[in-house]
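Heads up: the structure comes next, in structure tokens.
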Ligand SMILES: C[S@@+](CC[C@H](N)C(=O)[O-])C[C@H]1O[C@@H](n2cnc3c(N)ncnc32)[C@H](O)[C@@H]1O
């Protein structure tokens, strides 16, 4: 069988193909016999069956299944048939006498009850030939059948619905009582095959030999090559047109010019027996240089030619056609050459030069454009990177056309400003020299104090060095960069939540730019000069926001109440009520007095502005109000996640701690940590190490640990995905199995028992695929695991030797010792 087109082949895998696979039949054609038997019920009654053209054996399998156990079943085919229990198989050509002899030998005195013929000769040349070969084969099968069939026996054959069909049916009717043609459901609709059931063999004593002679039975016996393509007979499409109307003879002559002038010369070669050189013009062709003796001989009898000869005839035809056209061609050649010369003359030399010039200019322009784009891209990249603080200006390697001229920058002392982090720069696009300008809003007000004393100078240097260190650290450590960014965000949030608007107001810009305004002496003045809309400066507002001053404004100025809806609110960490400090203790009063004094001092310098707050604004404490708020939100969302928080909660719930105690605990050395004026490096260090040591209980730690364990036990995404995939695969497998079992349950070709058996087979097959785990068991005891299953081991197991590993190591050791001794001897 030829190589099938994948798409077609797949299309052929229909329901019967799958059913045949399921039920172990070798070919889907098995179902044709099952269906025929269902209709005519001949297998169960038979004791001897001969299957002609039986390979691969599908019909034989069905026969052995449905026929009584001790039946004689013989299968014959050109190709060997794999053995089938209780079936005799012969490798013979059913058209030969040898086959007949072998059958006689096998049958001895027996005669067959059923003769089957499902033969399909090697086909593909033309439809008419295919059909004829099939009909001829059928007649040969019938010839064998009439010789070996019992009276009343059945002959079943496949035939094509061709013009020989009626002739065959006529012959069958002469030999059998009942002749019926049927097409089983499993036979494909696209196939022209049909099955003829000839029952009740009459077994006439004398059979007219014409009944079994193909020349007599079929009208047009010898079908010549009707092939359209003589060059590729194997690849022909099947053609159901049959003979040409009115053409009953196979010998045909055509004129040589018919072949030369034809649009389809291959067809002429296929349908003609001889090509004639009959006219005067044709005679001239005989003298043509390409008309060799071989060509002449080929034209005499086309029927005997092969592919090579047909090709040479076609080549000859091509040469003849060209030579007939030649004079006309020469004329055309002359005219074209003249035209070419004229055209060449027309081409103006100036135009050519102009074109060349245009091209060069164009090239230069594109080159420049590309260069400019490259430079711009590079500049843009650097600016972005610098704004993201990924690089410092000093990191940029500069060429002549580069964005920065460091020497210039340094002359103006800008470099040091850059190092301090003032990155607000604008690029003057029009300026071809690419100079940089710094925007410094306070350039007028702020002058560099050159007479700083040594300590301040040292501190400044230290700050700068620390900043550089941080930058270097940030470059190396992505985590650190993220942390720093987060800290900056928090700082900005603080500023906003404290009533500072985040617009382009100059003062506020300065605020947001100076992250650590309170610790930087450079910016100190700026900060102090900031006017908060209201009466208090930011610093004063922060100061007065402490819970101690909650009722402070109320007594003196009820209209501008600090605690009022529009004033600053105060809140302690734990509870709003707690802030209501009616019973302030003595210590608190002392503190309040000293703090008030401090505030007065500050306000002497600053104008006091009160920041109006929205009614629903969250309150904040002097140090880390936002932190607290965030912690609260996090606790609400995720529950308590630290042992300290759980301990505190437990203490509160169990009433081991009162509110008052909680407030008192709040007043400790960490409560009013003064950060003012402290260098950044010190504050960073403090943030890292100086933390309150809050009490924790064993139960709280246990509770947190349990929670973490539960979290860990949750499957990670990948595991969950893998599990889901596995589930999906199992589901798909089950659906497939269900589909198969449904098909089996619905089929009418099987008994209920067979259905159940096949379904259970399918199920067990699908389960088999699951891998069984093999347990390794170390061989112990006297028998070393040689006697039976070890105790307590279920399922598959494998015995392994505990010594093996140790012995292997020992051998290695001995080996190495031997080697070292040899070396010493040398
Ligand atoms: C369609 S298959 C038969 C399938 C068969 N009924 C089954 O169920 O397995 C046709 C068979 O006819 C065989 N055949 C064709 N011409 C033959 C011949 N002259 N003698 C014996 N077998 C022939 C082919 O070898 C081919 O195996």
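The values are calculated or read from the model by the stated rules, or taken from the named source; none is laboratory data. If you're wondering where the values come from, they're calculated on a predicted model, not measured in any experiment. Cβ atoms come from the backbone with ideal geometry, glycine included; neighbour counts cover every protein chain shown.
Restricting attention to the stretch 32-60, the residues being more than 8 Å from the ligand (Cβ to nearest atom) and either more than 54 Å from the chain's Cα centre (by Cα) or not in a helix (DSSP H, G or I) (or both) number 10. The criterion of at least 1 residues that are on the phi < 0 side of the Ramachandran plot and within 52 Å of the chain's Cα centre (by Cα) is met by the following helices (runs of 4 or more DSSP H) wholly inside the stretch 625-703: 625-638, 643-653, 680-689. One residue stands out in the stretch 277-312 among those that are in a loop (DSSP other than H, G, I, E, B) and in contact with a strand residue (DSSP E or B) (Cβ under 8 Å, 6 or more places away or on another chain): the one that is farthest from residue 260 (Cα to Cα), namely 301.
Rundown of residues vs (1) within 15 Å of the ligand (Cβ to nearest atom); (2) at pLDDT 90 or above, yes/no style:
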| residue | (1), (2) |
| --- | --- |
| 70 | no, no |
| 81 | yes, yes |
| 86 | no, no |
| 91 | yes, yes |
| 108 | no, no |
| 120 | yes, no |
| 130 | yes, no |
| 135 | yes, no |
| 163 | no, no |
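Only residues that are modelled with pLDDT under 75 and surrounded by 11 or more Cβ atoms within 10 Å (Cβ to Cβ) were counted in the stretch 764-801, giving 2. For residue 65, are the conditions met, namely being within 16 Å of the ligand (Cβ to nearest atom), in a loop (DSSP other than H, G, I, E, B) and assigned by TED's automatic domain parsing to the domain that holds residue 101? Against the criterion (within 16 Å of the ligand (Cβ to nearest atom), in a loop (DSSP other than H, G, I, E, B) and assigned by TED's automatic domain parsing to the domain that holds residue 101), residue 65 does not qualify. Of the strands (runs of 3 or more DSSP E) lying entirely inside the stretch 80-173, those containing at least 1 residues that are surrounded by 15 or more Cβ atoms within 10 Å (Cβ to Cβ) and without any contact (Cβ under 8 Å) to a residue 24 or more places away in the chain are 88-91. When 329, 333, 315 are checked against the criterion of being at pLDDT 85 or above and part of a helix (DSSP H, G or I), a single residue qualifies: 315.
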